[in-house]
1. Is it fair to say I64 is surrounded by 12 or more Cβ atoms within 10 Å (Cβ to Cβ), in contact with a helix residue (DSSP H, G or I) (Cβ under 9 Å, 6 or more places away or on another chain), modelled with pLDDT of 95 or more and part of a helix (DSSP H, G or I)?
2. Would the range 29-42 turn up any residue that is part of a loop (DSSP other than H, G, I, E, B), at positive phi, open to solvent by 40 Å² or more (accessible area, probe 1.4 Å) and out of contact with any Leu (no Cβ under 8 Å at 6 or more places or on another chain)?
3. Among what's in the range 10-28 and is over 11 Å from A72 (Cβ atoms) and open to solvent by 70 Å² or more (accessible area, probe 1.4 Å), pick the residue that is modelled with the lowest pLDDT.
4. Can you name the residue in the range 67-80 that is outside any helix (DSSP H, G or I) and either open to solvent by 30 Å² or more (accessible area, probe 1.4 Å) or modelled with pLDDT of 90 or more (or both) and, of all such residues, is farthest from G26 (Cα to Cα)?
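The values are calculated or read from the model by the stated rules, or taken from the named source; none is laboratory data. Only a predicted model underlies this, so the values are computations on that prediction, with no experimental measurement involved. Here the Cβ is made from the backbone with ideal geometry for all residues, glycine too, and neighbour counts use every protein chain on show. Areas reflect the complete protein model, heavy atoms only, side chains present, ligands, DNA and RNA absent. Shrake-Rupley method; radii C 1.70, N 1.55, O 1.52, S 1.80 Å.
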Amino acid sequence: MKSLIFITVEVEMKVAGIIVNIFLPGIGTLIVGKIIQGIIQTVLVFIAILLTLTGIGAIFGIPIYFIVWIWAIISAATAIDRPSQRR
C-alpha cells in the first residue's frame, strides 16, 4: 500500500514532467524517469530544429517537432511509479 507522500510526489513529478515537456520536449520525460525515451525525444527535437533552420527542411522539421512534442507530453503523463523510486 502506497503512502500519501509517495502518491503526492509521483503526481508532482508527472505534473512537472508535463509542464517541462511543453517548453522543452524530452527533458520532462527524463524528469519522470523514462531515460531512453527522453534521450530519443531530445535528439529528435534537436534534429527537427536543425531541419527547420535550413528552410526547405522545415517541410520535415516542423511535423517531426510536433509529433515528438505530443509524444513527450503523453509519455510524461503516462509515467508509472517504479519500485526502484520508492524507499
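1. Yes, satisfied.
2. no
3. Residue satisfying both the conditions and the ranking: V11.
4. The selected residue is I80.
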